[in-house]
Structure formats: C-alpha cells, structure tokens
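The values are calculated or read from the model by the stated rules, or taken from the named source; none is laboratory data. Remember, predicted model here, so these are calculated numbers, not experimental data. Cβ sites come from the backbone with ideal geometry, for glycine too, and all protein chains shown count toward neighbours.
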Amino acid sequence: MLQGDTRPSTRVARRDAIERILNSQDVNSQQQLQVLLSQQGIDVTQATLSRDLDEMKAIKVRHDDGSVAYTLPTQDEIKRFSRKAETQSAYGLISQGKKVESSDDFSRGEQRLAKVINGLVTSVDYAQNLIIVKTSEGAAEYVGSAIDHQILPDVLGTLAGDDTVMLVARSEEAARNRSIWILTLASGDARKE
C-alpha cells in the first residue's frame with residue numbers, strides 16, 4: 001500500500017480534484033478553492049487556478065439566497081452554448097455559405113484565437129475529414145493548443161508536430177468549413193474564402 005499522497009502532480013490530476021470539489025460543495029472564491037486543494041496536498045498558484053477554471057469553462061452562478069458559487073457546465077450545456085455561439089460568429093457565417101465581411105464578424109473567442117495564430121499559420125488545407133494547418137517552425141504545438149481551447153463540436157481532436165497541426169473533423173463539410181475558418185482567423189481579416 002502506498003504511503004502519503006497517491007495523486008500524481010499533474011494538471012490532469014489537479015483538474016480532476018477541482019471537478020470533484022466543485023461537484024461536491026459550494027465554492028465561492030478561488031481563494032477558498034485554493035485552500036480546499038491545499039488540504040488535499042495540491043499546492044497551486046492563483047494564476048494557475050484561474051487558468052484551470054477558465055479552461056474547464058467554470059462559471060459562477062447565483063443561488064436563490066443570493067450567494068454565488070463556481071459550477072462546471074454539463075456536456076449538453078457546452079454543446080448548447082457552442083451551437084448558440086456559432087450562429088453569432090464568423091464560423092456561423094461560413095457554415096451557412098456566407099462571406100465574412102470583416103473581423104467585426106468574429107466572436108470574442110474567435111478574436112482571441114485570431115490574435116494567437118495570426119502570423120504563425122503559413123497554410124491551411126483539407127482532404128476528406130482531415131485539416132492540415134502548416135505553421136512556422138516550432139509553432140504547431142502552440143497553435144494546436146489554442147485551437148483545442150475552442151469549443152468545436154465538429155472537430156474530434158488535434159495532433160501537433162513541430163510545424164504541422166492536423167485536425168480530425170466529423171465530416172468533409174466540417175473540414176472544409178473549419179479550414180476556411182482557420183484561414184480567415186489566421187489572416188486577421190475576412191479576405192480569404
């Protein structure tokens with residue numbers, strides 16, 4: 001039998017602990033969550049905790065008594081939100097066969113992604129349900145991670161090497177639309193279609 005802490009010191013283990021805590025009790029602040037994690041032997045900085053909560057899509061909800069607590073959305077809520085967000089975005093226009101007129105058509109998430117990948121993506125193409133994003137040398141992992149942080153229900157996942165990111169889309173149509181979308185965001189404007 002193992003003595004002491006049996007949890008590895010990894011991001012996955014930390015996020016698992018965060019999820020368990022948020023699903024079992026009301027947590028009103030990041031400071032409170034930091035103390036609860038510390039009690040489990042997980043020391044985390046406020047900046048890391050903030051990033052974890054953001055990437056886990058944690059939100060604060062107000063209870064009937066006026067108190068607030070962090071909660072994690074269900075997969076159905078994430079899908080519902082992503083469908084709503086896509087109708088109000090450049091991707092929503094592209095998937096409807098419409099032209100993106102300007103960067104004003106980008107959602108906030110798309111604007112953030114565009115800032116990250118602009119200048120790093122050198123080409124985008126697709127074949128069947130695969131999307132290939134070429135980047136400058138050494139940038140593929142960064143670009144792939146930025147894309148992974150988006151809610152993309154029509155993308156199964158990404159793989160990144162040194163200068164190539166491969167996305168696996170659910171269909172050829174999704175691959176076509178996402179490749180146009182990535183190229184549009186990487187261009188920082190709406191000139192590509």
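Here are some notes:
- Take the conditions (1) of a type outside the set (Asp, Glu); (2) more than 27 Å from Leu53 (Cβ to Cβ); (3) buried (at least 20 other Cβ atoms within 10 Å of the Cβ); (4) in contact (Cβ under 8 Å) with a residue 40 or more places away in the chain; Ser187 misses just one of them, which is (3).
- Across region 129-137, not a single residue is classified as closer than 19 Å to Glu173 by Cα and at pLDDT below 80.
- Residue list for region 158-172, filter: surrounded by fewer than 18 Cβ atoms within 10 Å (Cβ to Cβ) and either touching a helix residue (DSSP H, G or I) at 6+ places or on another chain (Cβ under 8 Å) or within 11 Å of Val133 (Cβ to Cβ) (or both): Leu159, Gly161, Asp162, Asp163, Thr164, Met166
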